[in-house]
Amino acid sequence: MRDARDPNRGQKRNYIPNDDIDREEKAARRQQKKGSVIGILLGGVIVLSLIAFIFVLLDSGLISTKTHPIYGNQQQAEAQKEQLTQEEKKQREEEARKAEEERKKKEREEQAAREEAEERERQAKQEEEEKQQEEEAARKKEKQEEREAEEKKRQEEMKKEMEQEQTVLSGDYILPDSSSRYYSESELNGLTDREVLFALNEIYARKGRIFTGEEFKRYFESKSWYKGTIPADEFDANQNDRFNEYEKANIALLVKIAEERGLR
């Protein structure tokens, strides 16, 4: 049934007036522009949503970035930059522990090396002291042996001198020719200290001097030729007149030897 108002309604239209075509094209263009704007707006919303989502993840610590934060204050940015994860902290603590153990180990090794060096030095010093003590003991022993040898030699010489002295003193005279010849210094130096003193007093005794000293008195009274008749004070006061030239020379030489030996 055809529309009474438009008898051509429902039929295919092959002809469109120019004004209608322009209106449809303009409407299509407006619709296309409107869709483009909406698409741009939707794309912007999506991009902004992604950026906001990334910032939320950064704030929550679920992801980290080494780039500088683009929002928030500087203190928060520094705190985020320096924050370590639990694993990183454990790793650093482990590294610090190992470094400390290595340092302590090195210190123990250095201490052990120092102690070992000190022990070697102490042992070397002790060995040196022991060596010095041994050398000192050897020197003392050597000196002691030398002293003992000298003492033995001296005693043997004293014994020999005493035997010779006894032989000399046991005879009638020490200097039998003291009144008739000059004795040489070498002859008189061969006498012992006691023989020198007894030989000097023998010259006095042969002139009759009386001795007050017990040793000389006993010695000369044991001789058959001794006759003590002149007291010592009297004899000593005039002794120059009692001796001849031989006796005076022999007395002077005996006195000299006695003084050189410290016997007078």
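Scanning segment 187-214 for residues that are among the aliphatic types (A, V, I, L, M) and more than 14 Å from Gln239 (Cβ to Cβ) yields Leu188, Leu191, Val196, Leu197, Ala199. Remark: Phe216 matches the filter, which requires a residue to be at pLDDT below 95, closer than 25 Å to Asn189 by Cβ, buried (at least 17 other Cβ atoms within 10 Å of the Cβ) and over 60 Å from the mean Cα position of the chain (by Cα). For segment 228-247, the set of residues classified as free of Cβ contacts under 8 Å to residues at least 40 places away in the same chain and surrounded by fewer than 14 Cβ atoms within 10 Å (Cβ to Cβ) consists of Thr229, Pro231, Asp233, Glu234, Asp236, Ala237, Asn238, Asn240, Asp241, Glu245, listed by residue number.
The number of residues in segment 184-193 that are surrounded by 14 or more Cβ atoms within 10 Å (Cβ to Cβ) and either among the β-branched types (Val, Ile, Thr) or more than 17 Å from Ala205 (Cβ to Cβ) (or both) comes to 3. Residues of segment 17-61 that are closer than 30 Å to Gln76 by Cα and modelled with pLDDT under 75: Phe55, Val56, Leu57, Leu58, Asp59, Ser60, Gly61.
Tell me, please, whether a residue that is touching a residue at least 24 places away in the same chain (Cβ under 8 Å) and in a helix (DSSP H, G or I) can be found in segment 208-221. Yes, there is a match, as at least one residue in segment 208-221 is touching a residue at least 24 places away in the same chain (Cβ under 8 Å) and in a helix (DSSP H, G or I).
The values are calculated or read from the model by the stated rules, or taken from the named source; none is laboratory data. From a predicted model like this one, the values you see are computed outputs, not experimental measurements. Here Cβ is always computed from backbone atoms with ideal geometry, including for glycine, and neighbour counts include all displayed protein chains.
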